[in-house]
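> Quick one: structure below, then a few questions.
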Amino acid sequence: MSNLKIHGLLAEFADPHALINAAKAVRDAGYKTFDCHSPFPVHGMDQAMGMKRSSIGFIVAVFAFLGAVIGLGLQGWASTAAYPLVISGKPLFSWQAYIIITFALFVLFGAISAVLGMLRLNKLPRLHHPVFYSDRFKSASDDGFFVSIEASDTQFDAALTKTFLESIGGKNVEVLEGE
Amino acid sequence: MKTIEPNRSPSEIAVSAHGALESPLITGNQTFHSVTEKIAGILERKTPKGWYVGFSLAVSLLMLLVGTVGYLVWEGTGIWGVNNPVGWGWAIVNFIWWVGIGHAGTLISAILFLLRQQWRTSINRFAEAMTLFAVICALLFPGIHVGRMWVIYYFFPIPNQMSMWPNFRSPLLWDFFAVGTYFTVSLLFWYTGLIPDLATMRDRAKSRMKKIVFGLLSLGWRGGNRQWQHYELSYLILAGLSTPLVLSVHSVVSTDFATSIIPGWHTTIFPPYFVAGAIFSGFAMVMTLALIARKIFGLEHFITLNHLEKMNKIMLVTGSMVGYAYIMEFFIAWYSGNEFESFAFINRAFGPYAWAYWTMFICNVLLPQLFWFKKIRTSIPIMFTMTIFINIGMWFERFVITVTSLSRDFLPSSWDYYIPTIFDVFTFIGSFGLFFTLFLLFLRFLPMISMAEVKGVLPQADPHYGHDHASKKGGAA
């Protein structure tokens with residue numbers, strides 16, 4: 001048992017209202033590496049936690065544009081260089097006809113990058129995370145609302161942080177302990 | 001921040017703002033836990049007997065499909081009823097019909113999401129599943145109708161042994177890209193929506209097998225707000241990308257016809273007309289499935305009469321658009337002064353396929369007009385019957401467009417009547433086997449209603465619920 005390491009603390013709150021207030025309190029106390037877990041996204045939580053806007057839009061913009069360029073480039077190259085063939089007397093580079101496939105690849109690349117980008121930013125998939133050491137945490141995907149503070153936070157102190165979480169109304173404050 | 005989080009201004013719109021006017025989305029005083037219990041519980045209980053009955057029926061039909069397609073590969077497309085003027089028969093009709101059905105799923109999941117129609121949360125998951133399976137059925141037909149399907153890779157823009165490249169000016173190739181993209185994006189959208197619910201299933205799993213499978217599928221989701229933030233924006237972007245995509249897919253399908261010179265096909269009204277028809281038939285199919293699932297699994301609190309009535313209104317609107325298009329085609333045929341065009345339409349309504357034309361007209365245009373009456377919009381037996389008629393009517397629409405124009409084009413000496421063979425019928429019926437096999441597997445193994453989204457529209461999901469007196473203004477804060 002002595003190998004066990006403390007990864008952080010987990011506290012439970014009653015409802016979205018309590019969770020928002022807790023998030024504000026944790027942020028105001030100066031913690032940085034904390035998270036608020038809920039079964040659905042809670043309205044106003046980003047401001048309460050003091051988070052910046054997600055950067056995923058830029059990722060998608062870049063890849064969607066890349067998709068469009070590849071789409072138009074593929075069609076243009078295939079029809080003018082690789083296999084030039086006059087069809088219905090149209091110019092080899094009849095770009096109007098290429099718009100649909102260009103658009104399709106724009107959407108395809110955009111959508112794939114939206115999903116993969118989201119997973120990348122969320123550091124998913126991953127097989128394990130310290131919050132899963134807690135048995136109570138199972139309800140975070142059902143009807144439980146939790147705040148977790150990670151031990152890597154510069155302000156983290158197992159005893160003090162625990163008292164702090166209890167003082168802001170956290171129930172069942174648990175130490176996330178594991179290998 | 002709020003502008004990018006449509007999920008986060010949920011209950012207040014439906015409950016606080018219009019509280020007196022509109023009935024709540026989800027009834028039965030649900031709590032977060034009761035939602036989980038109800039929806040996840042369906043998957044954890046013993047498989048109902050009815051499921052086995054339905055599944056064996058579906059698999060039997062699937063076997064019919066496999067057998068017929070096998071015979072098609074062996075013998076060639078000669079086993080079908082296609083003849084010399086009518087080179088496009090049921091395979092194309094079925095393809096368009098199935099792709100069209102898929103459109104409602106994306107409309108519900110993407111367009112209604114952007115329009116912040118919160119009632120979509122109860123039906124979006126299985127409507128999206130329906131989209132995927134309908135598109136799989138649709139893709140089957142172009143796959144097999146080429147005859148020599150072992151060289152279908154000619155279609156792909158890949159370097160091959162002939163140093164040839166496909167013709168990028170061909171609408172058939174546009175179709176390949178449009179439908180292929182549509183399938184991929186629908187799959188991504190559906191899976192992204194499933195991740196939080198898969199985490200719920202993981203956390204509830206009892207057996208080791210389920211723990212591993214749901215654990216892997218949920219990708220380690222923890223529901224932290226740092227994850228929800230990226231997740232929600234990613235979901236919003238997917239919705240934003242899917243919206244023009246879904247409108248483009250059936251438009252592209254319509255260009256298969258519209259870019260040709262055949263009278264009755266060569267019209268500019270086709271893209272919007274096809275899209276309206278697609279949404280129309282798709283909603284009818286969502287409704288058919290929703291009514292059955294609602295009854296069997298007791299989901300009356302989640303898919304309420306309110307939801308059903310809203311869907312009926314959409315069917316009324318799109319049905320009227322389709323009716324407008326039918327009539328406008330006649331007007332243009334007359335107004336254009338083109339004798340071939342005029343003939344094509346008189347032939348449609350009064351020629352040898354008049355029976356098909358009027359079946360289509362009655363099912364798609366006249367019957368849905370009954371939805372103007374609230375009594376009919378809210379009667380479950382009537383709406384169920386109606387959805388079946390609409391789907392029959394929409395199948396006939398594609399049949400009328402494809403077959404009547406081909407069977408009598410410019411030269412009377414090349415006219416011929418098209419009669420399908422039993423193998424056409426088997427392939428079509430068999431495609432239902434494929435569809436329902438996949439759909440029943442989905443109902444059995446994945447949550448059919450999005451738990452995370454339904455919880456998000458409950459009144460208590462609002463952080464101001466029961467605490468803040470200023471919450472009357474809802475998300476305006």
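The values are calculated or read from the model by the stated rules, or taken from the named source; none is laboratory data. Source: prediction; values computed, not measured. Positions of Cβ are backbone-derived with ideal geometry, glycine not excepted, and every protein chain shown enters the neighbour counts.
> Give just the number: which of (1) in contact (Cβ under 8 Å) with a residue 60 or more places away in the chain; (2) part of a loop (DSSP other than H, G, I, E, B); (3) within 7 Å of chain B (Cβ to nearest Cβ) does A:C36 not satisfy?
(2)
> Do you know which residues across segment A:158-179 are of a type in the set (V, I, T) and under 7 Å from A:L9 (Cβ atoms)?
A:T161, A:V173, A:V175
> May I pose another question? How many of the residues in segment A:142-167 are under 26 Å from B:E232 (Cβ atoms) and either free of Cβ contacts under 8 Å to residues at least 60 places away in the same chain or more than 8 Å from every other protein chain (Cβ to nearest Cβ) (or both)?
Number of matching residues: 8.
Here is a yes/no grid of residues against (1) within 7 Å of chain B (Cβ to nearest Cβ); (2) over 30 Å from A:V42 (Cβ atoms):
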site	(1), (2)
A:F58	no, no
A:A68	no, yes
A:L85	no, yes
A:F109	no, yes
A:H129	yes, no
A:Y133	no, no
A:A140	yes, no
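> When you go through (1) within 18 Å of the chain's Cα centre (by Cα); (2) within 16 Å of A:L105 (Cα to Cα) one by one for A:G76, which number turns out not to apply?
(1) is the only condition that A:G76 fails.
> Listed residues B:L107, B:L65, B:L114, B:L61; which is under 24 Å from the mean Cα position of the chain (by Cα) and surrounded by fewer than 18 Cβ atoms within 10 Å (Cβ to Cβ)?
B:L114
> Pairs please, first residue from segment A:120-139 and at negative phi and touching a residue at least 40 places away in the same chain (Cβ under 8 Å), second anywhere and part of a helix (DSSP H, G or I) and β-branched (V, I, T), Cβ atoms under 7 Å, 6+ apart in sequence or on different chains.
A:L121/A:I56; A:F137/A:V131
> Still on this structure: Report the residue count in segment B:423-439 for those that are surrounded by fewer than 19 Cβ atoms within 10 Å (Cβ to Cβ) and either modelled with pLDDT under 95 or not aliphatic (A, V, I, L, M) (or both).
1
> Pick from A:L92, A:L74: which is more than 23 Å from B:S251 (Cα to Cα), assigned by TED's automatic domain parsing to the domain that holds A:A114 and outside any strand (DSSP E or B)?
A:L92
> Yes or no: segment B:219-233 includes at least one residue that is assigned to a loop (DSSP other than H, G, I, E, B), more than 17 Å from the chain's Cα centre (by Cα) and surrounded by fewer than 21 Cβ atoms within 10 Å (Cβ to Cβ).
Yes: segment B:219-233 contains one or more residues that are assigned to a loop (DSSP other than H, G, I, E, B), more than 17 Å from the chain's Cα centre (by Cα) and surrounded by fewer than 21 Cβ atoms within 10 Å (Cβ to Cβ).
> If I filter segment B:192-207 for residues that are part of a helix (DSSP H, G or I) and of a type in the set (S, T, Y), do I get at least one hit?
yes
> Exactly one condition in (1) surrounded by 22 or more Cβ atoms within 10 Å (Cβ to Cβ); (2) modelled with pLDDT of 95 or more is not met by B:T184; state its number.
The number of the failed condition is (1).
> Looking only at residues that are in contact (Cβ under 8 Å) with a residue 12 or more places away in the chain and outside any helix (DSSP H, G or I) in segment B:118-154, which one is surrounded by the fewest Cβ atoms within 10 Å (Cβ to Cβ)?
B:G147
> Oh, and also: Please go through segment B:207-247 and pick out each residue that is of a type in the set (D, E, K, R) and either within 7 Å of chain A (Cβ to nearest Cβ) or touching a residue at least 12 places away in the same chain (Cβ under 8 Å) (or both).
Answer for segment B:207-247, where residues must be of a type in the set (D, E, K, R) and either within 7 Å of chain A (Cβ to nearest Cβ) or touching a residue at least 12 places away in the same chain (Cβ under 8 Å) (or both): B:R222, B:R226, B:E232.
> How many residues does segment B:70-99 hold that are surrounded by 19 or more Cβ atoms within 10 Å (Cβ to Cβ) and in a helix (DSSP H, G or I)?
Looking only at that region, the number is 11.
> Do you know which residues across segment A:111-127 are at the interface with chain B (Cβ under 7 Å from one of its Cβ atoms) and in a loop (DSSP other than H, G, I, E, B)?
A:N122, A:L124, A:P125, A:R126, A:L127
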